Structure formats: C-alpha cells, structure tokens
Amino acid sequence: MRVIVTGGAGFLGRLLIQGLQEEGVEDIVAIDVVAAEIPGCRVVQSDLAHDRTLDELLKESPCTIFHLASVVSAGAEADWEHAVDQNIGGMLRLLESCRQSNHLHKVVFASTLAVFGGGTAGGEVGDFVKQTPSGTYGTTKAIGELLINDATRKGHIDGRSARLPTVIVRPGAPNAAASGFASGMFREPLAGIPSVVPVSEETVMVVGSAQNTATGIRMLAEIEGSLLGHDRAVGIPGLSATVSEMLEVLEAVGGPEARALVSLEYDAATDQLVQSWPAQLDDRRGRELGLPADPNLESMVRAYVEMINR
C-alpha cells in the first residue's frame, strides 16, 4: 500500500517516514511546499491547498495519508488568512481528492491539544471534552477534526485525528510555534548556545518526545476503525511538566553550564497562547488503544541527545 505524508519534509514528517521505512513500507510519497531530499522516498514539491497533487496519487489503489502539513501556532496567530487558507483549505482539498477517487483511503490527521481552551485553559482535558480553542491554530485544527469525523461518517475516508502534545526536543532551526521555546530550552543550551524562555517557571505544559509522538501517529493508523467510534480524535499520551522541572532536567543532562545558558524574558503574546492550552491530559483512551507513552521527562531529552549523536 502507498503511504503519503503531507508536510513530509518537516522534522516530524521525516521521523514518521523513517519509522515507516523501518517497518518495511517501501512506497512512500512525501508532499511539502519546500524542495527536499528524503532517502528512499519520493518527494513532491506542492502547495496542497491549491494544487491537485493528490488526485493522481490516489487513483491507483487505497492509500494511507498522514496529514501533517500545517501553519503552526504563533504563525497562525500572526497571519489568520494564511492559516485558514492552508490548514482548512488544505484539508478540504485533501478530503475532496479522497472523495473523488475510487478507493477508501485512510487519513491520519495531526491535530493538537490547542483545540482546547477557554474554560479548559490550564486544566485537565480528555478525548471527549468540548473543544473551545483560544487561538487561530487550535480553531483550524478543531475544524479539521470535525471534518475528519464527518468525512468518515459519510464513508469518504477512514479517518482518525492524533491530538499531539508539545513535541520535544525538535532538532534544527526554530519554527513559528508558540511552544517552540520548550525545544529551544534544551536544544540550544546542549549545543552551547543561549536560549530564551518567554514564560514563567511555573508554566505547565503537556509534552511528549518526538520519537513517541511519531510512533503514536503511526500506530493510530493501524487501529481498527470500529474501536474509535464516531469521534475519531485520540490524544497521543503526554506528560505534564513545569518549565522549572524542564530546567532541572536540562541541568541533569547537560550540567550547570547548560542551565546557565537559559534566561527568562517574559513575552505577553506567547504566554497568552501557552496559558490557553491544557495543563493536564487524561490520555487513558489512547493508552487503552495501545498507544505508547514516554516514561518520564528526562527520557525524552536523553532520547534527543542519543538521536543527534548517532
């Protein structure tokens, strides 16, 4: 079966593709707006929201589509029109291509805990808590989840949505995510570079390792659809941690010299977005479905160190 990964040139997309290849999947197509080379994978440069790229790819046989392409949190907040165009427009174009093909395709949509907010800000949420996002990014993702549910109900796709925690530690250059500092506060100091944290040490975030998150996305595709019921959105297991606890782990892994490279410089806009997200995740449903979980925060950081040192 062919596997298609939108946003495949991004870090999480590449990690997902690597895992699929290790499982023996050979026919993988990555779609991204940027030109890229991914070993053992066909890469198509395309704007999913405006091109008809998927039409031909979906004609031959049933496919599994991992839809990761997205304008992320702070970037979406700064440019509403672009976020709606890409996040909602891209989803609609994808679903239309699936509907017009002669096959039932499996679609795994990468969503986010930012679909929650409002009265749930800073509290605990589970898979069946009402979505009341407090930002443009979360709003577009909540719409995407509902579209996945409805398209599945109509028989156009076999869909499921993976609600991702804040992923740490992402290598490479920082992206436009408001949560990006949670990776930067490890990535930069461990490389001997100063890092700025724009929120207080008491701030709580739900985090998960990149490796566990990518594995959870892959495994969600394998779960029998009947076990998911009508609401196809499942929280990928994550752990709650304060910024203070993250800094303690940084020191445990990188030593006092790494901790000394982090400074706290408050930014109201970033803090407002981060504080609108949940601080606790009831991930029992995901665990009961067999999705994996990180054992602790330190293991996430050490997994990153091991990855970059390979």
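The values are calculated or read from the model by the stated rules, or taken from the named source; none is laboratory data. Owing to the predicted nature of the structure, the values given are computational and were not obtained by experimental measurement. Here Cβ is always computed from backbone atoms with ideal geometry, including for glycine, and neighbour counts include all displayed protein chains.
In segment 253-303, how many are assigned to a helix (DSSP H, G or I), more than 21 Å from MET219 (Cα to Cα) and in contact with a strand residue (DSSP E or B) (Cβ under 9 Å, 6 or more places away or on another chain)?
Filtering segment 253-303 down to residues assigned to a helix (DSSP H, G or I) leaves 253-254, 256-259, 268-275, 284-288, 297-303.
Within this subset, residues satisfying the condition of being more than 21 Å from MET219 (Cα to Cα) are 253-254, 256-259, 268-275, 297-298, 301-302.
Narrowing further to those that are in contact with a strand residue (DSSP E or B) (Cβ under 9 Å, 6 or more places away or on another chain): 274, 297, 301.
Result for segment 253-303: 3.
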Of the listed residues (LEU48, LEU104, LEU57), the one being aliphatic (A, V, I, L, M), farther than 22 Å from GLN18 by Cβ, in the same structural domain as LEU20 (by TED's automatic domain parsing) and out of contact with any Cys (no Cβ under 6 Å at 6 or more places or on another chain) is LEU104
Looking across segment 226-236 at residues that are outside any strand (DSSP E or B) and touching a strand residue (DSSP E or B) at 6+ places or on another chain (Cβ under 7 Å), the single one that is farthest from ARG160 (Cα to Cα) is ILE236
Looking at segment 74-96, is at least one residue more than 24 Å from ASN175 (Cα to Cα) and in a strand (DSSP E or B)? no
Looking at segment 160-183, can you tell me whether even one residue there is among the charged types (D, E, K, R) and within 22 Å of ASN309 (Cα to Cα)? yes
How many of the residues in segment 157-177 are modelled with pLDDT of 95 or more, surrounded by fewer than 24 Cβ atoms within 10 Å (Cβ to Cβ) and within 18 Å of ARG14 (Cα to Cα)? 1
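Select from segment 220-252 the residues that are closer than 23 Å to GLU306 by Cβ and buried (at least 19 other Cβ atoms within 10 Å of the Cβ) and list them in ascending order. Walk me through how you get there before you give the answer.
From segment 220-252, those closer than 23 Å to GLU306 by Cβ are 236-239, 241, 245-252; that's our starting set.
Within segment 220-252, ILE236, PRO237, GLY238, LEU239, ALA241, MET246, LEU247, VAL249, LEU250 qualify.
When you check LEU247 against the structure, is it part of a helix (DSSP H, G or I), modelled with pLDDT under 95 and either outside the structural domain of ALA74 (by TED's automatic domain parsing) or of a type in the set (A, V, I, L, M) (or both), yes or no?
Details: part of a helix (DSSP H, G or I): yes; modelled with pLDDT under 95: no; either outside the structural domain of ALA74 (by TED's automatic domain parsing) or of a type in the set (A, V, I, L, M) (or both): yes.
No; evaluated as a whole, the condition is false for this residue.
What residue, among those in segment 228-249 that are among the hydroxyl-bearing types (Ser, Thr, Tyr) and under 22 Å from the mean Cα position of the chain (by Cα), is nearest to LEU190 (Cα to Cα)?
As a first pass, look at segment 228-249 and keep what is among the hydroxyl-bearing types (Ser, Thr, Tyr): 240, 242, 244.
Now drop any that are not under 22 Å from the mean Cα position of the chain (by Cα), which leaves 240, 242.
Numbers: SER240: 22, THR242: 19 Å.
In this case the residue turns out to be THR242.
Taking segment 178-208, which residues are hydroxyl-bearing (Ser, Thr, Tyr) and either within 21 Å of GLY138 (Cβ to Cβ) or modelled with pLDDT under 95 (or both)? Before you say what the answer is, go through the steps one by one.
Initially, segment 178-208 is screened for residues hydroxyl-bearing (Ser, Thr, Tyr), giving 179, 183, 195, 200, 203.
Residues satisfying the conditions are SER179, SER183, THR203.
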Just to be sure I understand, how many residues within segment 11-53 are of a type outside the set (A, V, I, L, M), within 18 Å of ASP85 (Cβ to Cβ) and crowded, with 18+ Cβ neighbours inside 10 Å? 2
Among residues belonging to segment 157-176 that are more than 23 Å from VAL107 (Cβ to Cβ) and aliphatic (A, V, I, L, M), point out the one that is nearest to the chain's Cα centre (by Cα). ILE168
Could you tell me which numbered condition THR140 fails, if it satisfies all but one of (1) crowded, with 23+ Cβ neighbours inside 10 Å; (2) in the same structural domain as ASP55 (by TED's automatic domain parsing); (3) modelled with pLDDT under 95? (3)
Subset of segment 261-276 that is in contact (Cβ under 8 Å) with a residue 24 or more places away in the chain and of a type in the set (A, V, I, L, M, F, W, C) - its residue that is farthest from GLY123 (Cα to Cα): LEU261
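Every residue, every condition in (1) in the same structural domain as MET91 (by TED's automatic domain parsing); (2) buried (at least 24 other Cβ atoms within 10 Å of the Cβ), yes or no:
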site	(1), (2)
LEU146	yes, no
MET185	no, yes
VAL197	no, no
GLU201	no, no
Log entry, pairs with first residue in segment 294-310 being assigned by TED's automatic domain parsing to the domain that holds ALA191, second being hydroxyl-bearing (Ser, Thr, Tyr), beta carbons closer than 8 Å, six or more apart or on different chains, reads ASP294/SER209; SER299/SER209; MET300/SER209; ALA303/SER209; TYR304/SER209
Answer with yes or no whether VAL72 is surrounded by fewer than 24 Cβ atoms within 10 Å (Cβ to Cβ), in the same structural domain as VAL29 (by TED's automatic domain parsing), of a type in the set (A, V, I, L, M, F, W, C) and touching a residue at least 12 places away in the same chain (Cβ under 8 Å). yes
